[in-house]
Amino acid sequence: MKEKHDKTHFEAPQGYFEEFEDRLMLRLMEESLPDSPGFAVPAAYMDNLDNSLLEKATASEGRMISLFSDRRIYYTVATAACLVLIFTLFRSVNGGTEITLADVPVNSVESFITQGESGIDTYDVLAFMNEEEINALTLESELISEESLEDYIIENLNETSLLIE
Amino acid sequence: MVEEQELIEDLKSAGKEAAFSLLVSTYKQRLYWHIRNMVLNHDDADDVLQNTFIKVFKNIDKFKGDSKIYTWMYRIATNEAITFMKKRAKRQGITLEDVKDSAVENLKSDVYFEGGQIELSLQKAIATLPHKQQLVFNMKYFEDHTYEQLSEILDTSVGGLKSSYHIAVKKITAFLKDNETI
């Protein structure tokens with residue numbers, strides 16, 4: 001409800017008088033602060049900025065490959081999941097025979113999967129595994145520590161990439 | 001609004017360089033001071049400003065027009081400045097707060113800092129605030145944004161922003177009084 005003055009019929013916004021003291025105190029505090037931060041810029045910096053920015057922007061214009069495009073995420077996650085599952089399955093089938101990453105032609109497996117020639121998906125592979133083996137997969141995925149992941153994100157990504165997406 | 005729409009269309013067209021020049025000349029100062037208030041040093045502000053405009057230039061096709069273009073650019077500038085400081089913190093093995101404290105200390109010998117003791121103390125006081133309050137204070141006090149503009153840029157309610165700003169001003173004046181600057 002608006003504040004009304006009986007004689008003049010003027011109105012003030014609702015809550016105006018209740019909030020007045022707070023706003024006045026804020027204003028007084030602001031008055032005690034310096035007007036500017038005190039920063040300066042080199043002479044002619046702003047004048048030369050237009051041309052230098054245009055040069056840099058056009059020079060750097062190339063094909064941007066977004067790290068977070070749906071397709072890339074899909075292929076990356078699918079490839080990683082399939083590789084982990086296949087390695088674990090091989091290990092299990094071979095009765096504990098050690099197969100290291102170096103023994104497997106990773107590029108061949110990756111291109112085989114990404115080209116859709118495997119004909120199997122994660123669920124097909126999971127169907128051959130028991131609960132213990134699936135739990136072991138969880139442990140494999142935990143080999144990437146949170147710290148390593150954080151390092152990677154800070155060094156290689158920024159929030160702007162996500163914002164633009 | 002019509003002008004902005006035209007500008008965006010020009011920016012998405014084949015000969016977008018002219019429109020980009022117009023965009024730069026319109027917003028360079030505002031974005032520069034926004035970034036400078038965050039990173040404090042001129043060279044760092046220049047780096048971040050360039051990164052911001054390059055991102056805008058490269059990604060203008062992805063701008064859907066759901067917000068005003070200056071809102072979008074302010075968000076990019078803010079994120080670029082934060083990312084810049086986070087990378088520096090990571091490289092030096094220190095916290096984001098340490099990066100800010102160090103930037104404030106460096107102002108004493110900065111040739112592009114013309115402030116006196118009170119301006120220096122003000123920067124020290126701002127550095128003690130939580131990050132969001134720093135942003136709100138700088139954008140409201142130094143950059144003269146309205147709460148409505150801030151609400152769009154920071155995606156926060158006007159009520160929340162008013163409260164943040166009020167608390168920030170209180171903390172800053174208390175800091176300055178404690179340090180006998182005012």
Determine whether the stretch B:2-10 contains at least one residue that is in contact (Cβ under 8 Å) with a residue 40 or more places away in the chain, more than 11 Å from every other protein chain (Cβ to nearest Cβ) and open to solvent by 30 Å² or more (accessible area, probe 1.4 Å). yes
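The rows are residues; the columns are (1) farther than 14 Å from B:Arg36 by Cα; (2) modelled with pLDDT of 95 or more; (3) not assigned by TED's automatic domain parsing to the domain that holds B:Met85.
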| site | (1), (2), (3) |
| --- | --- |
| B:Gln123 | no, yes, yes |
| B:Gln134 | no, yes, yes |
| B:Met139 | no, yes, yes |
| B:Gly160 | yes, yes, yes |
| B:Ser164 | yes, yes, yes |
| B:Val169 | yes, yes, yes |
| B:Thr173 | yes, yes, yes |
| B:Glu180 | yes, no, yes |
For the stretch B:89-109, indicate whether the set of residues that are closer than 30 Å to B:Lys16 by Cα and either more than 17 Å from the chain's Cα centre (by Cα) or free of Cβ contacts under 8 Å to residues at least 24 places away in the same chain (or both) is non-empty. no
Residues of the stretch A:6-33 classified as within 12 Å of B:Thr173 (Cβ to Cβ), open to solvent by less than 100 Å² (accessible area, probe 1.4 Å) and of a type outside the set (A, V, I, L, M, F, W, C), total: 2
Pairs with Cβ under 8 Å, 6+ apart, first in the stretch B:17-40 and not assigned by TED's automatic domain parsing to the domain that holds B:Ile69, second modelled with pLDDT of 90 or more and surrounded by fewer than 16 Cβ atoms within 10 Å (Cβ to Cβ): none
Can you tell me how many residues within the stretch B:54-83 are more than 8 Å from every other protein chain (Cβ to nearest Cβ) and either assigned to a loop (DSSP other than H, G, I, E, B) or open to solvent by 40 Å² or more (accessible area, probe 1.4 Å) (or both)? 7
Go through the stretch B:105-126 and give me each residue that's aliphatic (A, V, I, L, M) and crowded, with 18+ Cβ neighbours inside 10 Å. B:Leu107, B:Leu120, B:Leu122, B:Ala125, B:Ile126
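The values are calculated or read from the model by the stated rules, or taken from the named source; none is laboratory data. Please read these numbers as outputs of a predicted model, since none were measured by experiment. So basically every Cβ, Gly included, is an ideal-geometry build from the backbone, and we count neighbours across all protein chains shown. For the accessible areas, the whole protein counts, side chains as well, though only heavy atoms, and no ligand, DNA or RNA atoms are used. Shrake-Rupley method; radii C 1.70, N 1.55, O 1.52, S 1.80 Å.
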